[in-house]
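The values are calculated or read from the model by the stated rules, or taken from the named source; none is laboratory data. Please read all numbers here as calculations on a predicted model, not as lab measurements. A quick note on method: Cβ atoms are made from the backbone with ideal geometry, for glycine too, and the neighbour counts reach across all protein chains shown. Just the protein is used for accessible areas: all its heavy atoms, side chains included, with ligands, DNA and RNA removed. Shrake-Rupley method; radii C 1.70, N 1.55, O 1.52, S 1.80 Å.
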Amino acid sequence: MTDPANDPVLDATRSALDGPGASPADDAAGHPSALLHVNDVRKVYGSGHTEVVAVSDATMAVDEGEFVALLGPSGSGKTTLISIIGGLLAPSSGRVTVGDVDVTAMNKKELTAFRAERVGFVFQSANLVPFLTARENLLFVSSLVKGISRTQANERADQLLSELGLSARAKNLPEQLSGGERQRVAIGRALMNDPDLVLVDEPTAALDTAMGRQVVELLRREIKARGKTGIMVTHDLRMVEYTDRVFEILDGHLTHVEQPSAIGH
Amino acid sequence: MGLAGTEMRRAKLRFGLLTGAVSLLVFLVLLLTTLSNALVSSLVGALEGLQTDGVVYADSARDNIVASRLPAETTQEVAAVPGVARTAGIGTFTSNAELAGELTEVQVFGYEASGPGAPSGLDSGRLPEAPGEAAVDGGGVAIGDTVSLEPGGTELTVVGTVRGAQFNALPTAYVLLDTYAAAVEAANPGLPFVPINAVAFDVSEGEDPAAVAAAVTDSVDGVTGYSLDEAVALIPGIASISQSFGILVGLTFVIGIVVIGFFFLILTVQKMKAFTLLRAIGTSTARLAGSVALQITAVVLIASAIALVLTLLAVQGLNTGIPVSLEPSLVIGTIVAVLVFSLAAGLLSIRRIARIDPATAVGAR
Ligand SMILES: Nc1ncnc2c1ncn2[C@@H]1O[C@H](COP(=O)(O)OP(=O)(O)O)[C@@H](O)[C@H]1O
Ligand SMILES: [Mg+2]
């Protein structure tokens, strides 16, 4: 394998190539002060002859303020990897660090607090608590962390709802909202506690293309406006144009890092 | 923001139905217990309320005060037994009587003002102090009324009322032992002597009533001694009444707890997706468990309040023929027991919550 960093021809012409970018591991070496470091993460489900290697030797780095995509076909290990990064799932081996905290060294209780304080999640579906209104879904997460006053929380929730074009829907229950509105509420929920990382798993899977684009565009705008770091899992090539960089994953292996412009044309 | 309360407000019908069902069950428990207590108390209240450590009956009475006949001297014989501090005679009989204008049966209890065996539970007025005076439980009498015993024509003036002191579910009149003796003689002219039914005894400081009662049985011919508790428990029918009601109350109680336990389990299983999401975004298991516990507590307390109102109405509205009253200690005890066991049943739900794997909230898995 050629190391692109040591290959002046490939390195110099990379942006012009409509081909593979650098390997994520090599790319990570060039980002020593990144916010997120994933080092040699491996995840094996089951054991014996039912063993599935969902992620193997994943290494990647994401800088603070970046919004990146994790792109790969169904079953390639995207959800597994993002779950490990967000402290929802323990890897079989390897290390994940966010800032100076080692996520993979935390116990259950610390992980729960980590998810509440430092991560904002947007899931594919079933994203909201069904018996809470849009506004209450946002307010609830602020009750999970200490030091946010009621007034602050109310202001922040109203601000987010307004930015997401949901002011008129604040008092609606999830069942009274459209799919796109629900995903927008989930984005607000994810940003409510001012997290370090925003992790988004196939946010457009249940939406049509136009609605999907609108949601991802809003997601990018909110993440960028707040200087957050975001990772969006998707298998939809059309959605990567809203991201800064694209990590490709296939059969559990992170293969390339690309510029969005290099994909889907 | 309260997860528990918000959900209950959004699902009023669901929680309303549960609260209704639980309140009916708590109502049944309270009513059955109250009726059972009232029934038992109307049967044994008189004996239970005697201010004495123990009683002595004739052997031939087979544990029944009404069947017991003793000569007055037995009082002194019992007093001589080591461990006995004081003794007094008790006499009782059932008589027809004109009471508040109606002919009915009454039970008369004679006791010595200076000795053990006086009634407790004075509700108004005072206990008798002179011949012809009586304190009465039941029959709708008031202070100043006259009770005339038939035959014999003994007139008793009511000077006080007592509660929870009936015998055999009859209106019961407490009189001094001399009044009792005079009434017996009036009703049975030519009787060679007036027997007493029992000897009440108090034990000396530090003595065990049951042990002293056994000593009385051993050292006085023809009598059996009982601690007051033993005597009450031996009243015919009491054990089976208490047991039957106990089974009913116990079953109702258990059904109530099972209803609450399963309801919340079903609710928890239905909400698994939401709970999993909540765990994934950083809600602790303790907080989710707490919200279930809070809902159980709210349901039980609201249901108990409704049940209490229903019970009060029922106690007032039902004409059971025996004095029925709701005891605060019973109410509080029942509610606390329902709450404690409901929370225990809620552990079924909490166990499910504790087993949630937050990772399953992600993706479409
Ligand atoms: N809980 C699990 N138990 C066993 N195998 C799993 C589990 N979750 C995922 N897998 C398997 O791991 C692989 C990667 O899954 P996933 O991370 O969900 O991929 P993606 O999100 O890219 O579709 C798949 O082969 C999937 O079947
Ligand atoms: Mg997935």
Taking the stretch A:160-186 only, how many residues are assigned to a loop (DSSP other than H, G, I, E, B), of a type in the set (A, V, I, L, M, F, W, C) and either away from every other protein chain (no Cβ under 12 Å) or in contact with a Phe, Trp or Tyr (Cβ under 6 Å, 6 or more places away or on another chain) (or both)?
-> 4
Among the residues of the stretch A:93-101, is there at least one that is within 12 Å of ligand 1 (Cβ to nearest atom), open to solvent by 10 Å² or more (accessible area, probe 1.4 Å) and in a strand (DSSP E or B)?
-> no
Failed item in (1) in contact (Cβ under 8 Å) with a residue 24 or more places away in the chain; (2) under 30 Å from B:GLU207 (Cβ atoms), with B:GLN76 passing the rest | (1)
Might you let me know whether the stretch A:107-114 holds any residue that is part of a helix (DSSP H, G or I), crowded, with 21+ Cβ neighbours inside 10 Å and at the interface with another protein chain (Cβ under 7 Å from one of its Cβ atoms)?
-> yes
Starting from the stretch B:301-319, take each residue that is farther than 12 Å from B:LEU25 by Cα and list its partners that are part of a helix (DSSP H, G or I) and among the β-branched types (Val, Ile, Thr), counting only C-beta distances under 7 angstrom and pairs at least six apart or across chains.
-> B:ILE302/B:THR19; B:VAL315/B:THR34
For residues that are farther than 20 Å from A:VAL122 by Cβ and assigned to a loop (DSSP other than H, G, I, E, B), scanning just the stretch A:56-73, find the one that is least open to solvent (accessible area, probe 1.4 Å).
-> A:ASP63
Among strands (runs of 3 or more DSSP E) completely within the stretch B:140-196, the ones holding 1 or more residues that are open to solvent by 30 Å² or more (accessible area, probe 1.4 Å) are B:146-150, B:155-162
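Condition check ((1) within 23 Å of A:GLU217 (Cβ to Cβ); (2) under 18 Å from the mean Cα position of the chain (by Cα); (3) more than 16 Å from ligand 1 (Cβ to nearest atom)) across all residues:
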residue	(1), (2), (3)
A:VAL68	yes, yes, no
A:VAL103	no, yes, yes
A:ASN107	no, no, yes
A:LEU111	no, yes, yes
A:ALA116	no, yes, yes
A:LEU144	no, no, yes
State all residues of the stretch B:253-291 that are open to solvent by less than 30 Å² (accessible area, probe 1.4 Å), part of a helix (DSSP H, G or I) and within 14 Å of another protein chain (Cβ to nearest Cβ); if no residue qualifies, say none.
-> B:LEU267, B:THR268, B:ALA274, B:PHE275, B:THR276, B:LEU277, B:LEU278, B:ARG279, B:ALA280, B:LEU288, B:ALA289, B:SER291
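Quick grid of which residues meet (1) within 14 Å of chain B (Cβ to nearest Cβ); (2) within 22 Å of the chain's Cα centre (by Cα); (3) outside any loop (DSSP other than H, G, I, E, B); (4) within 20 Å of A:ILE223 (Cβ to Cβ):
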site: A:GLY75; (1), (2), (3), (4): yes, yes, no, no
site: A:SER83; (1), (2), (3), (4): yes, yes, yes, yes
site: A:LEU128; (1), (2), (3), (4): yes, yes, no, yes
site: A:PHE131; (1), (2), (3), (4): yes, no, no, no
site: A:ASP158; (1), (2), (3), (4): no, no, yes, yes
Check the stretch A:141-152 and report whether any residue there is within 12 Å of chain B (Cβ to nearest Cβ) and free of Cβ contacts under 8 Å to residues at least 24 places away in the same chain.
-> yes
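Residues are listed down the side, and each one gets a yes or a no for (1) more than 16 Å from the chain's Cα centre (by Cα); (2) buried (at least 17 other Cβ atoms within 10 Å of the Cβ):
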site	(1), (2)
A:ALA210	yes, no
A:LYS224	no, no
A:GLY230	no, yes
A:ARG238	yes, no
A:THR243	no, yes
A:GLU248	no, yes
A:HIS253	yes, yes
A:GLU258	yes, yes
The number of residues in the stretch B:338-365 that are open to solvent by less than 30 Å² (accessible area, probe 1.4 Å), small (Gly, Ala, Ser) and more than 14 Å from chain A (Cβ to nearest Cβ) is 4
Selected residue [among the polar types (S, T, N, Q) and touching a Ser or Thr at 6+ places or on another chain (Cβ under 7 Å)] from B:THR172, B:THR179, B:THR157 | B:THR157
